[in-house]
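What follows draws every value from the coordinates through simple rules; no lab data is involved. Predicted model, so just to flag it, every value in this text is computed and none were measured. Cβ atoms come from the backbone with ideal geometry, glycine included; neighbour counts cover every protein chain shown.
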Amino acid sequence: MQLKPINEQVVVLVGASSGIGRETALKFAKRGAKVVVAARSQAGLDSLVREIKSFEGDAVAIAADVSDFKQVQAIANKAIDVYKRIDTWVHLAAVSLYATFEDTTPEEFKRVIDVNLMGQVHGAMAALPHLKREGRGALIHISSVEAKRGFPLQSAYAASKHGINGFVEALRVELMHEKAPISVTEIMPASINTPLFSKARTKIGVMPQGAPPIYEPSIVADAILYAAEHPTRDIVVGDAGKIIVTAQKIAPQLLDSFFAISGFEAQKTKEPKSEDAPDNLYQPISGYDTVSGEFRLRTQPSYSDWLDQNPQLKWGALAGLALGAIALFGMPKS
């Protein structure tokens, strides 16, 4: 399966007004891609397009709520109207709710599912006919490490991300069966410093935060750009995310105990925030159309992601470690 170089692509980014989506749109545009950016925040999209055009990038915007399939279809139609095709569809739109399951209403739970899961489904449904007509392309779905391991206080969010994982796995196999040359990638970030936490609805009395360690959005954007050129099944972003996913496979009950002890306080800041504070669960809110959130001073680098995007060096490093071990401990006796 061959994907086009980024500078030859038309890329649709859904959920692009802030955070990972905004950073990714800027990186695609700087690499020469034509980008169609979508989100609910018209002001955020307008500022993003202005920023892209300031360095002579090529971008158009369309406001849309991904819970409405017709609005998602309109995103695809915009790309076709302006650029005549779609090469890569990146779906990032998400909302979050921090509350115990018992404090979550059915309406709130459904809204998280409608945006985070059904939005991704709508995106794939809108994009696939255009990708097939082009004869190749990439669907890139951004979920979370919570696609593999749910966190306390985030039952609705975890359910939505688990749903993405199941839907993407089934879709990928169906496309393989019909020999459709379309790459389907799921990208699962760990805690990322985006405005998501500031915009989230909270019922825990304080502003939430990503469970540390926290990483900058650029590392997820880099993974997305890599997947747009290199067919990749899935990518876990962030060293801590890889540890969590591995621990869930090996010792899920141990991880249960860990989260029961430390998982609640790890997601709380000391900044009071009432249940009535503005949030973006149902409507966009202003003031957060930025790439990074409020935790820049607490972020740290992730070393494994660079190796994931340089597989030859990764396997070379592993081979070097193996040879070093042999040299240190000696060849086994026959």
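The chain: longest stretch without exposed chymotrypsin sites (Phe, Trp or Tyr not before Pro) (DSSP loop, at most 15 other Cβ within 10 Å), sites themselves excluded? Don't jump to the answer; show the numbers that get you there.
Values: sites that count: 55, 264, 282, 303.
With a cap of 15 other Cβ atoms within 10 Å, the longest stretch comes to 56-263.
Assuming 0.36 nm per residue, please report the length gained on full extension of the stretch residue 297 to residue 125 beyond their Cα-Cα distance. Before the final figure, lay out the partial values.
Details: separation 172, 0.36 × 172 = 61.92 nm, distance 3.95 nm.
Contour length minus Cα-Cα distance gives 58.0 nm.
Set Lys and Arg Cβ to +1 and Asp and Glu Cβ to -1, take the dipole of the chain about its Cα centre, and tell me which of 118, 73, 3 lies farthest positive.
So the residue furthest toward the plus end is 3.
Based on the Cβ-Cβ distance from residue 275 to residue 2, what FRET efficiency comes out when R0 is 35 Å, to the nearest 0.05? Could you put the intermediate results ahead of the total?
Working: r = 51 Å, r/R0 = 1.44.
With a Förster radius of 35 Å, E is 0.10.
Please give the Cα centre distance for the range 279-301 versus the range 150-179, rounded to the nearest Å.
A separation of 25 Å, based on Cα centres.
Longest segment of the chain with no GluC sites (Glu not before Pro) in a DSSP loop having at most 10 other Cβ atoms within 10 Å?
Working: sites that count: 56, 178.
The longest such stretch corresponds to 179-334.
Going through the DSSP H helices of the chain, which span 24 Å or more along their own axis at the Cα atoms while scoring at least 0.0 as a mean Kyte-Doolittle hydropathy?
Values: long enough: 155-177 (33 Å, 0.15); 311-329 (27 Å, 1.27).
Helix filter hits for the chain: 155-177, 311-329.
According to the square roots a ≥ b ≥ c of the eigenvalues of the Cα gyration tensor, what is the shape class of the range 136-202, taking rounded for a/c under 1.5, prolate for a/b larger than b/c otherwise, and oblate for the remainder? Mind dumping the intermediate values first?
Details: a/c = 3.41, a/b = 2.09, b/c = 1.63.
It is prolate, given that a/c is not under 1.5 and a/b is the larger ratio.
Nearest 0.05, what FRET efficiency do residue 170 and residue 50 give at R0 = 45 Å with Cβ-Cβ as r?
Using R0 = 45 Å, I get an efficiency of 0.70.
Roughly how many whole Å is it from the C-alpha centroid of the range 217-237 to that of the range 51-109?
Taking the Cα centre of the range 51-109 as reference, the centre of the range 217-237 is 18 Å away.
What dipole magnitude, in Debye to the nearest 20, does the chain give about its Cα centre under +1 on Lys/Arg Cβ and -1 on Asp/Glu Cβ?
Details: 36 positive and 36 negative charges, 148 e Å.
I would put it at about 720 debye.
Among the trypsin sites (Lys or Arg not before Pro) in the range 211-295, which ones are in a DSSP loop with at most 16 other Cβ atoms within 10 Å of the Cβ? Mind listing them? All intermediate terms of the calculation are to be shown ahead of the outcome.
Details: sites: 233, 242, 249, 268, 270, 273; in loops: 233, 273.
Loop-located and lightly packed - 233.
By how many nm would the segment from residue 133 to residue 177 lengthen if fully extended, with 0.36 nm per residue of separation less the alpha-carbon distance? All intermediate terms of the calculation are to be shown ahead of the outcome.
Numbers: separation 44, 0.36 × 44 = 15.84 nm, distance 1.75 nm.
Fully extending the segment from residue 133 to residue 177 adds 14.1 nm.
Given a Förster radius of 51 Å and the C-beta distance between residue 31 and residue 253 as r, what FRET efficiency does 1/(1 + (r/R0)^6) yield to the nearest 0.05? Don't skip to the answer; put the middle values down first.
Details: r = 44 Å, r/R0 = 0.87.
Efficiency at R0 = 51 Å is approximately 0.70.
Cα-Cα over 19 Å: which of 27/148; 4/34; 78/132; 34/70; 4/27; 242/273?
On the way: 27/148 28 Å; 4/34 13 Å; 78/132 17 Å; 34/70 23 Å; 4/27 16 Å; 242/273 31 Å.
Check vs 19 Å cut-off fails for 27/148; 34/70; 242/273.
Compute the distance in nm between two label points, each set 7 Å from the Cα along the Cα-to-Cβ direction, one at residue 243 and one at residue 69.
4.3
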